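Inspection log for the structure reproduced underneath, given as structure tokens.
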There are 4 protein chains.
Amino acid sequence: MDLDLSAYSVRTDLALEAHDLASSSGTPIPGVHTSEFDQEGIRVSLIDITSQEGSRALGKLPGHYITIEALELRNKDTDFQDKVATVFAQQFEKFLQKLNIEPNASVLIIGLGNWNVTPDALGPLVVENVMVTRHYFELMPGQVSPGYRPVSSVAPGVLGTTGIETGEIVQGIVDKSKPDLVIAIDALASRSLERVNTTIQIADTGIHPGSGIGNKRKGLTLETLGVPVIAIGVPTVVFASTIVNNAFDLMQNHFRKQTANTGQILGLLDNMQEQERLQLVKEVLNPLGHDLLVTPKEIDQFIEDIANIIASGLNAALHQAVDSDNVAAYTH
Amino acid sequence: MDLDLSAYSVRTDLALEAHDLASSSGTPIPGVHTSEFDQEGIRVSLIDITSQEGSRALGKLPGHYITIEALELRNKDTDFQDKVATVFAQQFEKFLQKLNIEPNASVLIIGLGNWNVTPDALGPLVVENVMVTRHYFELMPGQVSPGYRPVSSVAPGVLGTTGIETGEIVQGIVDKSKPDLVIAIDALASRSLERVNTTIQIADTGIHPGSGIGNKRKGLTLETLGVPVIAIGVPTVVFASTIVNNAFDLMQNHFRKQTANTGQILGLLDNMQEQERLQLVKEVLNPLGHDLLVTPKEIDQFIEDIANIIASGLNAALHQAVDSDNVAAYTH
Amino acid sequence: MDLDLSAYSVRTDLALEAHDLASSSGTPIPGVHTSEFDQEGIRVSLIDITSQEGSRALGKLPGHYITIEALELRNKDTDFQDKVATVFAQQFEKFLQKLNIEPNASVLIIGLGNWNVTPDALGPLVVENVMVTRHYFELMPGQVSPGYRPVSSVAPGVLGTTGIETGEIVQGIVDKSKPDLVIAIDALASRSLERVNTTIQIADTGIHPGSGIGNKRKGLTLETLGVPVIAIGVPTVVFASTIVNNAFDLMQNHFRKQTANTGQILGLLDNMQEQERLQLVKEVLNPLGHDLLVTPKEIDQFIEDIANIIASGLNAALHQAVDSDNVAAYTH
Amino acid sequence: MDLDLSAYSVRTDLALEAHDLASSSGTPIPGVHTSEFDQEGIRVSLIDITSQEGSRALGKLPGHYITIEALELRNKDTDFQDKVATVFAQQFEKFLQKLNIEPNASVLIIGLGNWNVTPDALGPLVVENVMVTRHYFELMPGQVSPGYRPVSSVAPGVLGTTGIETGEIVQGIVDKSKPDLVIAIDALASRSLERVNTTIQIADTGIHPGSGIGNKRKGLTLETLGVPVIAIGVPTVVFASTIVNNAFDLMQNHFRKQTANTGQILGLLDNMQEQERLQLVKEVLNPLGHDLLVTPKEIDQFIEDIANIIASGLNAALHQAVDSDNVAAYTH
């Protein structure tokens, strides 16, 4: 799998993190509208970037972003997972309305990533668990129960195993099957270990070259595919150097709180810019094989749980006949 | 998975079986040329159907057919498997020459079937084990070692899990990636339990609606895809009614040999035509849940072994740099 | 895996089938008490063999047998599967009471069979899904919520992959962990294709050498292990010759019904005893590789569904805190 | 899976690391004999701890330790993997001779760890790939070809999935099957990311409570099992805090080399003892969910490769009939 170079910088795939970095002073950013709420231990943040100015300030494309954060996902509590799936379904349904996607619009779900690399298998696992209905509409039009829309679903593989750019494969399938909307699911490299397997981002900006941990140089966007593209991303891996770099911040904050010390804390590191410091960490770790992309030991279980949450959430959000208050009943 | 209705009749996907049925009298069939040879316990049969007359006689499309039969494949002998892979590679290479496929022609390998249904997973398993090179030619043209050609490989899924006809997905991928040749691998329903996992057919006639055990109503052919299509098929399942119907023949032959009895052998069955008898068997077995498609208990191991044979055989046949005398060294 | 030679005869692992064969005349059999009822499409049969006379008549050991038959299991209907799990749980709970197993008796669940052979993976799959509690009782005695009992669970593998007889491994584990009851789950060879994946047998007679499709020469019984052994068996494979032999019976019945013909029906077969006829079928099929053990094409899904039914049924039956009216809620 | 508390300290499971820490001054340690050599990019270190004094100095039990280090294992080069397997086989064979294990001594291989947690699945994967012969000696004594010894192999599961302490299960199996030697394979928590999946340790000291990443409180030792126990361990996971703590050292060394600075380098951290600093890192990371056990993204492939190396190495070392110069030919 080709690495995402952006993951080597402090740049982030998450609009929420970009916003936190940009607005650390607390001043509102022009062209950026935010709101957030908590629901049973699940934090939902909405960020709308409505101008080029806002886009530049955050380093993210104009568009709508939803972030669902649920740290308790690591506790393997199936009741809590059902709650997250329900919140996901409710937010996704509102998101479709905001984007004026019609209830009968046909949807193609694309599961990006590699089956055989567990932390990259999120997309294919969602594809395996999602409810597929398009063929009923094609084969027996008029006989499908009300409350369903045509949904199709493909896991196109990755460049290293197909030899074809994922964007080309998806374009070919979109050209032939003509969906009204594409939903692309992908595993992301995280800027923080604590986000790994605890955060879901929904965005209407599509998938761009160099995001995610797989290779999709051509991107999956309204421009390349001709239909709107909603991206669902979950951080599943993090660079060792990112873990170290974050730890420096945490240590500095820890010492600042504990001591009245205004002088030296982490010595030479105190005066470095974050990007400079990260670069240094990478230079030091790399030659020794210390700067790998890593994932939690329990990744097999985590990836399966999150894939089930997204699949059952999508089933409920896409089909009115599926009750979005109790999404778990419709998947296994 | 949608069933192949033709499997309910005595019709066969194997040209070799069709030829045996049509030429039972021993008289040569006009427009059909055959030859065969044995190599270390492996039987290779070549059938060329060169006229409409021959096509009608066999009920198979005009074209070239190779059948490789190796009953010992059931013995789990890895040395023998390597021999079969070598024979497959040699025959496939000659087949490409016969069809005038250039050594640098680009190839797209399509693995039909369903990952999650073991006897239908042959295609996806071959895709997983085959050597993919196309992206090197795209990303670093001129830097690829001589002796390789561009090969790409996709497992498009089945209608029931994607919601899109496999033929549409493949057309879309062919349109975008523009291979010179498509090779499609599929699991077949057999007319005989003894053929299951022991026979490989190669044909240049493509995949037609209603062959194979998966659904591909649109077919994968020169007409639909615009490039030649070589189909590789392996029987992996058989109807219970087929097993029973075959047994009637075997019993009749057994009794005829043992006795001078020219009278009643299997009573009322003696006077039935085969198709009529098969229909009767189906009528009797069906209501009781007795007429399932079945596969040998050891299918997990068999399907993996055959997939490795085909993948390593293709690697050797498609790339001159891979030695076709010792194909096993190039796969794992 | 070593084959069960008894599967080559007309002998059956199912007491229900043995009873049907023995009582075909309709006369009650001394020392055998039976009852049966239907519940929402699920047939439950209870057979108690209380004397040596009854045992000889059926060819089964004295003991208590429950058979649950649910042909609709093949329809992949999750609601129906939940019903079967509930019936299984209710019957298993009554069975424990009948055997005077105390609510706090500790239980060791043994999943016989081979992970890597799908139709033989039933036992290991149940072990994977069953709720294990023994270590809580060992590590924090007195702190476990009421309504639970100590349950442990092991999949000991098969002779071909461990090199040790399964009976020896289980004896060793029983000696060390000292359960009050052993429950052994195993896949069986069936006498009829229609029973494959549709029938569950519960018996208090243990597992005897030569039953099941795996090798357990030493048996798992009260005698060998020193504690009661309940066996749970599900037919998952059937010999091709058994399918053929059954078909002869079905054909004969079919012709008898349709015609007033009292003369020749299946010719030479009409006068053969069943065992003689089966022997003949085997002789005819065997040399041609036609007499394999086969399993339905959909075995991957079937085996997972049945394993979930048994695991969730056991969870509900073994722990009073798990509600046996809605067993599905406690498994995934 | 229960965590190994020792992994929270700077203590190490690897004798080589313990020796490096203890002998940083370069002075030889009494009661500790070491030697090492490189072979085609593979580093082999032998450490013999022959006295209680040496044992105390290293914090490791008296015994013989071999460490095989092969950083290139991360390059997915199958030729190199074969070389590592060959070196492993040669060293393991010598190790058996040193311990006076007879060529016909029977061996039980125990694969510790959890199938369903990829970085903990090393032991079960080795068990799956190792050649098992004991049953041939039991069933057909005198008919086994010369050059083989009786080998059996079990993956006993982990406490969380069986409910029984692994040590109890293994004791039970040893009591019944009476091997002359036990070889236990386990995944370890590493003190350094660079060791993960690149280092193999062989030791004759058995498995002790609190080593490894699985729970085996009772230990697998000569004392508990009554036969010698050789432990094979591979680091597969590392705590995030360990990565950070190592990075501090690397950064300090880096700055010391680059500058003549003898003053402040990492500020407050400069004066801390390593254990104190690690404790601080843990305190800072833990509340934020930053201190997980992590594993490289490519763990699926790594664990399979190392398991194959160990399995083929064991096959060659245990059976004289298997050629230890070309071990790869005997596995797949």
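Key figures
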{"read-out": "Taking chain B and dividing mean pair separation by its residue count, relative contact order in percent (alpha carbons under 8 Å, at least six apart)", "value": "22 percent"}
{"read-out": "Spatial separation of Cα centroids for the stretch D:265-319 and the stretch A:39-93, in angstrom", "value": "31 Å"}
{"read-out": "Trypsin sites (Lys or Arg not before Pro) lying in DSSP loop within the stretch D:61-129, provided at most 14 other Cβ fall within 10 Å", "value": "D:LYS76"}
{"read-out": "Lysine pairs within chain D, Cα separation less than 26 Å, 8 or more sequence positions apart or different chains", "value": "17"}
{"read-out": "Kirkwood estimate for the stretch C:105-172, i.e. one over the average of 1/r between Cα atoms, Å", "value": "13.2 Å"}
{"read-out": "Within the accessible area of the protein assembly as shown (1.4 Å probe), percent carbon and sulfur", "value": "48 percent"}
{"read-out": "Of all DSSP beta bridges in the stretch D:86-221, antiparallel share, percent nearest 5", "value": "10 percent"}
{"read-out": "Equivalent ellipsoid dimensions for the protein assembly as shown as semi-axes, Å, which come from the Cα gyration tensor, largest first", "value": "52, 40, 33"}
{"read-out": "Total accessible surface hidden between B and C, rounded to 100 Å², 1.4 Å probe", "value": "3900 Å²"}
{"read-out": "Charge tally in the Cβ shell below 12 Å around D:ASP249, where Lys, Arg are +1 and Asp, Glu are -1, D:ASP249 excluded", "value": "+1"}
{"read-out": "At least 40 Å² of accessible area lost relative to the chain alone, listed for the stretch A:108-123 with a 1.4 Å probe", "value": "A:ASN116"}
{"read-out": "Extension reserve of the D:THR78-D:GLU36 stretch, reckoned as 0.36 nm per residue once the Cα distance is removed", "value": "12.7 nm"}
{"read-out": "Per-q log10 I(q)/I(0), chain C, q = 0.08, 0.13 Å⁻¹ (Debye; single scatterer per alpha-carbon; no solvent)", "value": "-0.38, -1.00"}
{"read-out": "Span-like helix ranges in chain A, DSSP H, alpha carbon extent 24 angstrom or more, Kyte mean at least -1.0", "value": "A:78-98, A:240-258, A:299-318"}
{"read-out": "Net charge of neighbours whose Cβ lies under 11 Å from the Cβ of A:ASN308, counting Lys and Arg as +1 and Asp and Glu as -1", "value": "-4"}
{"read-out": "Inter-copy spacing of B:VAL144 label points, which lie 7 Å from Cα along Cα→Cβ, given in nm from shortest upward", "value": "4.0, 5.0, 6.2"}
{"read-out": "For C:GLY226, net neighbour charge (Lys/Arg +1, Asp/Glu -1) across residues whose Cβ lies under 11 Å away", "value": "-2"}
{"read-out": "Residues D:ASN116 and B:VAL227, FRET efficiency given R0 of 30 Å [Cβ-Cβ distance, rounded to 0.05]", "value": "0.10"}
{"read-out": "Accessible solvent surface per residue of the stretch C:128-284, calculated while the other protein chains remain in place, 1.4 angstrom probe, Å²", "value": "34 Å²"}
{"read-out": "Point-to-point label distance, A:ASP270-D:GLN275, nm (Cα→Cβ direction, 7 Å offset)", "value": "2.9 nm"}
{"read-out": "Per-pair calculated FRET efficiency, R0 = 41 Å: C:ASP323 and A:GLN320 via Cβ, rounded to 0.05", "value": "0.85"}
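The values are calculated or read from the model by the stated rules, or taken from the named source; none is laboratory data. Note that the structure is a prediction, hence the values are computed from the model and not measured. FYI the Cβ positions are ideal-geometry reconstructions off the backbone, even for glycines, and counts take in every protein chain you see. SASA here: full protein model, heavy atoms, side chains in, ligands and nucleic acids out. Shrake-Rupley method; radii C 1.70, N 1.55, O 1.52, S 1.80 Å.
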